[in-house]
1. Within region 276-311, which trypsin sites (Lys or Arg not before Pro) sit in a loop by DSSP and count at most 13 neighbouring Cβ atoms inside 10 Å?
2. Given LYS128/LYS172; LYS220/LYS296; LYS128/LYS180; LYS221/LYS294; LYS128/LYS237; LYS108/LYS185, which pairs have Cα atoms separated by over 24 Å?
3. Apply the Karplus parameterisation 6.51 cos²θ - 1.76 cosθ + 1.60, with θ equal to phi minus 60°, to every residue of region 186-198 and state each ³J(HN,Hα) to the nearest whole Hz, in sequence, with x for glycine and proline.
4. Using the Karplus equation 6.51 cos²θ - 1.76 cosθ + 1.60 (θ = phi - 60°), what ³J(HN,Hα) coupling, rounded to whole Hz, does each residue of region 235-251 give in order, writing x for Gly and Pro?
5. Net charge around LEU162, counting only other residues with Cβ within less than 9 Å of its Cβ (Lys, Arg = +1; Asp, Glu = -1)?
6. From the phi of every residue in region 259-272, what ³J(HN,Hα) in whole Hz does the Karplus formula 6.51 cos²θ - 1.76 cosθ + 1.60 yield, where θ is phi - 60° and glycine or proline is x?
7. Give the accessible surface of region 85-325 per residue, rounded to a whole number of Å², with probe radius 1.4 Å and ligands, DNA and RNA excluded.
8. Sorted by accessible area (1.4 Å probe), largest first, how do HIS96, HIS269 line up?
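The values are calculated or read from the model by the stated rules, or taken from the named source; none is laboratory data. Here the structure is a predicted model, which means the values were calculated and not measured. For neighbour counting, all protein chains shown are included, and Cβ atoms are generated from backbone atoms with ideal geometry for every residue, glycine included. To get the accessible areas, we keep the full protein, side chains included, count just its heavy atoms, and leave off ligands, DNA and RNA. Shrake-Rupley method; radii C 1.70, N 1.55, O 1.52, S 1.80 Å.
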Amino acid sequence: DIPEIPESISFCRALQIADFSGNPLTRLPESFPELQNLTCLSVNDISLQALPENIGNLYNLASLELRENLLTYLPESLAQLQRLEELDLGNNELYHLPETIGALFNLKDLWLDGNQLAEIPQEVGNLKNLLCLDVSENKLECLPEEISGLTSLTDLLVSQNLLQVLPDGIGKLRRLSILKVDQNKLIQLTDSIGDCESLTELVLTENQLQSLPKSIGKLKKLNNLNADRNKLTSLPKEVGGCCSLNVFSIRDNRLSRIPSEISQATELHVLDVAGNRQEIFVLTYLPLSLTTLKLKALWLSDNQSQPLLTFQTDTDPETGEKILTCVLLPQMPSEPVCQDNLPRCGALESLVNEMSDETWNERAVNRVSAIRFLEDEKDEEDNEMRTLLRRATPHPGELKNMKKTVENLRNDMNAAKGLDSNKNEVNNAIDRVTTSV
């Protein structure tokens, strides 16, 4: 409930860490940038409308958290924070990102999610040390080709934007491990995606993709591929080249067949092809080669109660090919389903919640969305490398308006109390004068 930071805080010359998150502040004092020993500043969710123009004087800052505020612009002096490693601007009202952002050469984590950005300046490609870039929940229609300069990047999150394509330069991100492009308008996936040799998780859910590039088979480290709720009519046979693939989810597409080469992905544990029965597109059978895989779960339809089914071998009357079939195949086209009613996590979520098999017990990992089945020694290495963690905001963003209303009521009450106090003083003065007369 601290409403204001006094100007005298500037005399705390040795102060290194300051966290004012969740207080009813609306501004920082003008003298604040005089705290030149400050290394970590957190002012999340305080209804901050602007930063001091001389914020760049805090030249020792390594971490600056400004999440859940009302910032509409960033002062030019921000470029002077040459030691800054973590900058969190998530959930503000930013419409424009200054070109000077490219001057923060030591930046490792940049969060810009939940703003109003329509573009990212090409200068962002100068951030050679950047590990994580989050620009999800904005209004981006494209990413600059210069993103190829982010050669240290491991996490790229661009969910919930308006992207139709990804730049070819993304293939130069050889250290990229997680790429999330879900809930965009992708009509194609660039062939250069196959050059992202370190990619372990690729999320393409809820786009407009009709096909996947053949180059996807070059992703030898990929263990989670999710392309649910697209318009895929076929899969490239090269997908079998993803030799580390654990989870492959392609539910709610328009697939009529699965390539037999899928069996080459020998680490595949979960295959989700439910909901591929839209309009004239019907998944009629599965390849016989699927029996060579050690699947833990195979999802075929929305009302399936068990993850595994009994299959019988059969022969396709048209081609003579040996195939697998069961009581759920072929599936008849269903009535259109409203996208809003579809579960966010689909069958994988219910699978994880319902299965009692000990093989599904996962240890906690930093990347919550990643699904793994084996102990991963890399997690410990990632923890050592990533020292800056994004902590939860004290007040959720959806309570921001409620919080403003409460603050306004409080101010009105204080003003009313002030009027009452003045009236009492006047009345007391009149009484004194009357008594003396």
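1. LYS294
2. Checking Cα-Cα distances, LYS128/LYS237; LYS108/LYS185 exceed 24 Å.
3. 4, 9, 7, 10, 4, 4, 5, 4, x, 8, 7, 5, 9
4. Values per residue, Gly and Pro as x: 10, x, 5, 5, 4, x, x, 7, 5, 9, 5, 9, 10, 10, 10, 9, 6 Hz.
5. +1
6. So the Karplus estimates, Gly and Pro as x, are x, 5, 5, 4, 5, 6, 7, 5, 8, 5, 10, 10, 10, 10 Hz.
7. Roughly 39 Å² per residue, with all protein chains present.
8. HIS96, HIS269
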